[in-house]
Amino acid sequence: MTDSPEQEYDPGDVAVIGMSLRAPGARTKEQFWDVLVHGRETVSFLAKEDIHVDETLIHNPSYVRACGVLDTYDRFDPSVFGISDRMAAAMTPENRLYLESAWESLEDGGYDPDRLTAEIGMYGANNPQTAALYSSPPDRASVGPEAIEASLAWSPDSMTSNALYYMGLTGEAVTVAAVCAGFHYAVHLACQSLLLGQSDMAIAGGAMVRLPHPRGHLWEENRILSKDGHCRPFDANGTGSALSSGVVTLLLKPLGRAVADRDHVYAVVRGSAVNNNGVSAMAYGLAQPERLSACIAAAMEVGGVSPDTVSMYEANGLGLPVTDELEVHAATMAFGKRTATASIGGVKGNVGHGGVVSGGFGTVKAALALYHRTLPATINLTEVNQDLDFPSTPFVPQIEGAAWEPEAGIRRAGITSLGGGGYNAHLVLEEPPAPAGRAPEEAGRPRLATLSAMDDDALARQRTRLREWLEARPELRLDDVCFTLNLGRKVMGRRWAAVVRSREELIAALSDDARGPATSTAAAPRTDPGSFSRTDDGIVPSGQDAPALTDLAAAWVTGLQVDFDALHRDGAGRRVPLPAYPFQPRRFWRTDW
């Protein structure tokens, strides 16, 4: 992070304040980062008996049994959103995944949808083919009015409006169709909406489920699909990429507003740009160097970013020599002659090609690299393609993981995404600003921590996940944790609360064999609702000492509404990432209407 907390924030800067990811081999962004820093490949190589499709192709010598499998592609927890099982089955897997991911991004940012009165822009990309392969579209004429409701669940167009509706939010809803550049286009449009004042916050992302799932692919010479299932970005022996599925969403807010609102910032979007090759394309679907170069340069220019200060370039990196050469050539033209060197990498070696969400994998990789000040290795790169002529470019392949120590004194990353049909897109991210100095946390002060869930089992898993999270992150302050729990989570029917004076007390209270002072499954102390002062948003404690907070905890657990804003008016707490809701997904699948 930069070393100057007292600074003016550029009005064009957009903060990434929440993230959610599911990728092959990773159900969370934390697991994804672990995959990257340990250089693992999560593309699966399937046994013939595991493939229940492609019967006429599977014995073809060119059939490659490789796939980036998403193990939750057919599962969903509709109860959290008030969705019936019938509707859950009608919803396409991308609609369901995007909805859960958008929820997780909002929670990761520390926001409860029920408390938000702001306009929330919702932007997302999906694959229209998935809807067609999941089930035949509903026939309104023969099925009747019910098909209208079902078609909204089925339609790829309504993915973002469904997310707004089921999360109880209002704002813009735009579902983007830009092929494999869809994620970047969604982020680009979301940033424009924020900077124009059309939205207060925005969720942007993409969801991709390749159907049937899982399945392999047919290899063809000089096509983008790999001959052996491995993706080797910038390698002389690369033959393309394997196909994969996933979902990524980001929660975005203007940086100045995010700092004022005490938000946690992973990274800053300094600039974004999109364009299309149009008729100038070398071949339909291939990158056109001059057009891609213009796109990369435009993203840096709009953010006022000098190429010399961008020290990480996350490439589209399909691992096919011809496409890698075109991209490196385009990026070199955009960066120009320079003395500093930029790391170049490609995440497709780890997780394969995620279609509309592939740019999301690269963006989360770059955001976490900025946040952790670490450059992950590009795996499967053993013999650098000499035709790329890296010594004459500003780029150095990131063959091994390394600490990120930029020559320019600030960490910045560029992320490119390309889509068939000539779509080009580029994002420029910057490390988060250093937070302003804070007074030490007031030791021994009692604080209220709350959790809630749909049922007792989910509540128990909430306690376990939070305890493990706190044990692994000793740097988290108790006031920040309580602030985020009390104000950043939707209040549900089954509740737990504890009044604690330290992180250690909270960890102990969360343990399986401990009981808090009030729980939804045990007899909570009875309280007199009339003994509390009230605001329009609920009851408030009579004081800040332990007895007053214990009374408040008991009242909240037994169902009373608490004005948590009043509880945290001292301004001490900041939003911090904490575990998201433990969805309890069940399988929902439909093959006919």
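The values are calculated or read from the model by the stated rules, or taken from the named source; none is laboratory data. Everything numeric here is computed off the predicted structure, so don't read it as measured data. Here the Cβ is made from the backbone with ideal geometry for all residues, glycine too, and neighbour counts use every protein chain on show. Just the protein is used for accessible areas: all its heavy atoms, side chains included, with ligands, DNA and RNA removed. Shrake-Rupley method; radii C 1.70, N 1.55, O 1.52, S 1.80 Å.
Pairwise inverse Cα distances across region 374-495, averaged and inverted, put the Kirkwood hydrodynamic radius at 20.0 Å. Using the Cβ of Glu119 as centre and a radius below 14 Å, the other residues enclosed give a net charge of 0, where K and R count +1 and D and E count -1. Available extension along the chain between Glu407 and Thr464 is 16.3 nm, counting 0.36 nm per residue and deducting the alpha carbon span. Rolling a 1.4 Å probe across the protein heavy atoms gives the chain an accessible surface of 39 Å² per residue.
Which whole-angstrom value gives the distance between the alpha carbon centres of region 322-342 and region 276-301? With region 322-342 and region 276-301 each reduced to a Cα centre, they are spaced 13 Å. Computed per residue of the chain from DSSP H runs no shorter than four, each worth -39500 (n - 2.57), the mean residue ellipticity at 222 nm is -9000 deg cm²/dmol. Long-range amide H contacts for Ala15: which residues qualify at under 5 Å (H placed 1.01 Å from N, peptide plane, sequence gap of 5 or more or a different chain)? Under 5 Å from the amide H of Ala15 lie the amide H atoms of Lys253, Leu255, Val269, each far enough along the sequence or on another chain. When His372, His568, His184, His59 are compared by accessible area at a 1.4 angstrom probe, the order from most to least is His59, His372, His568, His184. Once the Cα atoms are used to define both axes, helix 289-302 deviates from the longest principal axis of the chain by about 30 degrees. Size descriptors for region 325-379: radius of gyration and Dmax over Cα atoms are 12.7, 34 Å. Computed on protein heavy atoms with a 1.4 Å probe, the accessible areas place Thr558, Thr130, Thr332 in the order Thr558, Thr332, Thr130, largest first.
For region 144-185, no residue has its backbone nitrogen under 19 Å from a point 7 Å from the Cα of Arg586, taken along Cα to Cβ. Once backbone amide H atoms are built at 1.01 Å from N, Ser199 has Leu194 as its partners under 5 Å, excluding neighbours fewer than 5 places away on the same chain.
Cross-link pairs exceeding 27 Å between alpha carbons, from the set Lys227/Lys337; Lys48/Lys348; Lys29/Lys490; Lys29/Lys227; Lys48/Lys365; Lys29/Lys253: Lys227/Lys337; Lys29/Lys227; Lys48/Lys365. What relative contact order, as a whole-number percentage, does the chain give when Cα pairs under 8 Å and 6 or more residues apart are counted? About 19 percent, as a whole number. Quotient of the Cα radius of gyration of region 1-119 and 2.2 N^0.38 Å, N being its number of residues: 1.49. Karplus-derived 3J(HN,Hα) values for region 394-408, using 6.51 cos²θ - 1.76 cosθ + 1.60 with θ = phi - 60°, are x, 10, 10, x, 8, 7, 10, x, 7, 5, 9, 10, x, 5, 7 Hz; glycine and proline are entered as x.
Placing R0 at 30 angstrom, the Cβ-Cβ distance between Asp545 and Tyr9 gives a FRET efficiency of 0.20 after rounding to 0.05.
In the neighborhood of Pro61, defined by Cβ-to-Cβ distances under 15 Å, what is the net charge if each Lys or Arg adds +1 and each Asp or Glu adds -1? That sum, taken over residues with Cβ under 15 Å, equals -1. What is the projected area of the convex hull of the Cα atoms of the chain, averaged over all directions, in nm²? The number I arrive at for the chain is 28.2 nm².
Amide H to amide H, with H built 1.01 Å from N, Asn127 comes under 5 Å of Val209, counting only residues 5 or more places away or on other chains.
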